[in-house]
1. Work out from phi, with θ = phi - 60° and the Karplus expression 6.51 cos²θ - 1.76 cosθ + 1.60, the ³J(HN,Hα) of each residue of segment B:250-261, listed in order in whole Hz, and give x for Gly and Pro.
2. Can you give me the long-range amide H partners of B:L167? Hydrogens built in the peptide plane at 1.01 Å from N, cutoff under 5 Å, separation of 5 or more residues or another chain.
3. If each residue of separation counts as 0.36 nm, what is the full-extension length gain between A:K163 and A:E51 once their alpha-carbon separation is subtracted?
4. So what is the orientation-averaged projected area of segment A:165-320, using the convex hull of its C-alpha atoms, in nm²?
5. Modelled label-to-label distance, B:E326 and B:K341, 7 Å Cα→beta-carbon offset: nm?
6. Per residue of B:211-224, count partner chain C-beta atoms within 10 Å of its C-beta, then hand back the mean as an integer.
7. Provide the FRET efficiency to the nearest 0.05 for the A:T120-A:N29 pair, computing r from the beta carbons and using R0 = 22 Å.
8. Label A:E362 and A:S307 with points 7 Å out from Cα along Cα→Cβ: what is the distance between them in nm?
There are 2 protein chains.
Amino acid sequence: MKTLRTGISNARHVTHYSFGFGNRKLLANLLDARRSDENTSVVFFVDHHFEKNETLADQLPVEQEDLLIFVDTTNEPTTEGIDQLVAQVREKCEQIPCALVGVGGGATLDTAKAAANLLTNGGKAEEYQGWDLVKKPGVYKIAIPTISGTGAEATRTCVMTNKRTGLKLGMNSDYTVYDQVILDPDLTATVPRDQYFWTGMDAYIHCIESLAGHYRNAIGDAFSRQTLALCREVFLSDDMQSPENREKLMVASYLGGGAIASSYVGVVHPFSAGLSVVLGAHHCVANCITMRAMEEFYPKEFNEFWSMVDQQQVHIPKGLCSDLQEEKYELLYDSTVIHEKPLTNALGEQFRRILSPSRTKELFQRM
Amino acid sequence: MKTLRTGISNARHVTHYSFGFGNRKLLANLLDARRSDENTSVVFFVDHHFEKNETLADQLPVEQEDLLIFVDTTNEPTTEGIDQLVAQVREKCEQIPCALVGVGGGATLDTAKAAANLLTNGGKAEEYQGWDLVKKPGVYKIAIPTISGTGAEATRTCVMTNKRTGLKLGMNSDYTVYDQVILDPDLTATVPRDQYFWTGMDAYIHCIESLAGHYRNAIGDAFSRQTLALCREVFLSDDMQSPENREKLMVASYLGGGAIASSYVGVVHPFSAGLSVVLGAHHCVANCITMRAMEEFYPKEFNEFWSMVDQQQVHIPKGLCSDLQEEKYELLYDSTVIHEKPLTNALGEQFRRILSPSRTKELFQRM
């Protein structure tokens, strides 16, 4: 296979990262360095899961002038939902906050990224869905992931669905990248097993897609290979949630996010996006469901994926698309083949010849 | 072996990186984005090797108001030499330049880092030798490596020798990290074979030291492992300088620099520093010479290193320390055991019991 140039000419890293058990305790000092006499308020976006689990929320260095918002992640982020959160911040804070902290999984981290951009750039979230539409730096922002796999802590996008237009697209911008990431493997100790697996597999899946693609470069490949090596160690081990494996998966997620900067996904993500847009499945479990139909596209990785499922004895939902109305299959088809760049990356420019409507339906039915 | 915490709490990445054959052509646009009506001048620090090889120097987007300085890298950077270069910039430029570009190997890239810090912070280079002594951001700076291995393009230090005090120590600071790195494997096509190997081995050697150390963490380990995987592919192949291998080694150098942010070196670097300080050997070749005496500390990697030397048919100097005056051996001993942190990392706190003066002399004689 001929390798094509990715066309990605310049990539942005997270500026600072801190890694280690207990390192969430560094947050107070990092925020103090941003607070000034003129501007002292910090906004915390915390996954609503921690509203009940008070241990983490209580540990956050929330001062009197700060605002703590629990983000409802029952559904994935929408442009409208983000606009509402931003309105809430504007109402409660007299000025633009000096820092914004996202604590949670991909949905919460993406929400915080979008809000940081909107607070300084103004306007509505939907105005920035696309590439490089954000015109100035967002509020200084810190990510504290509480689950590993999406790479949201390291990427330049924040995925949002625009319910009005049906568009699922992020604010792809260098300004969307976090200024600081705190990777504290203590925080992933209480993640439920299935969710831990599904989310971790996001890192595995985008890296197998990248390495099988036409658009490649040596630095994206290096990030992807190390991510896969770590995922294999974690998910082929006896205890994927041991402290050591939680460390490794946190690193895999972070490096996997780095891989995204220099590569493209393939067949899994477009199908998974179909499941999310049409049937409301969350991104990570949707990826895993899609893997039920990926044998012919990724034969070796298909086998490896299912051996990891066996090894960890986790549940992957089944039959989501086995018996839908014809209209739904058409919607699934449309929302899959719209992803031209990843499908071209995986199957070449003639990907529609391979993914005909009937073939696509048959693949969805296999899930 | 018990793994100890590195004590490194927060690490800074290079802000932007661009990777690909021909990507040096992006430099003009990146500089144009920094030039303004008020401040338009850029300073280029270019390895003096390119003074004769005009192709590269001619390709640089040097404008009329800019200053191009060829850096003499016959010897490694000294604090005095850096002060002289900074004085030259101050004399020729009316104001602080809007950008600084380093084009060359580790010595040139380190020189540019130090100069960027001094131009905004004032004072002499020796005032900043140490940890976190730089008080404000340096001039915006871009690295364009022309040889791979040192990782200088990615690290937070710039190694300099203070001839007055004998101290070989860099300005360890987040401000020392490059804002932009351009990794263009075209630029390493003309590197002489031996030099290509010696410098490339800097990445290999610091990663084997890191992974064998007591002070470790999962993110440093991940960077080191991927760096080693790439070095093995390059140096165990038939043609270490093929375009594909030059790409890989450029990535290995960059990721190896990233590894340094979260790990420590071991036995090789202290001995190598002795060879540099006492006998004037350049860092990379000194590392390779040191490997002659490393069998008992790194047995597996010792064998692998020498099989790479065989495979690539390169020359590693020998006998540098076989017949010195006793006084020189004493100096070599002193300038080796002064590196307490890496030696503790490798051998534990009682490292002086292992590295007695007579044992150290014997090791140097083996080189």
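1. 5, 5, 4, 4, 5, 5, x, x, x, 4, 4, 4
2. B:N162
3. The span from A:K163 to A:E51 would gain 37.6 nm if fully extended.
4. About 9.9 nm², averaged over all directions.
5. 3.5 nm
6. Details: counts 0, 0, 0, 0, 0, 0, 6, 14, 11, 2, 5, 12, 4, 1.
Neighbouring Cβ atoms belonging to other protein chains average 4 per residue here.
7. That gives a FRET efficiency of 0.40.
8. For A:E362 paired with A:S307, the spin-label model returns 2.8 nm.
The values are calculated or read from the model by the stated rules, or taken from the named source; none is laboratory data. Since this is a predicted model, take the numbers as computed values, not measurements. Cβ: placed from backbone, ideal geometry, glycine included. Neighbour counts: every protein chain shown. In case anyone asks, the SASA skips ligands and DNA or RNA and just uses the protein heavy atoms, side chains included. Shrake-Rupley method; radii C 1.70, N 1.55, O 1.52, S 1.80 Å.
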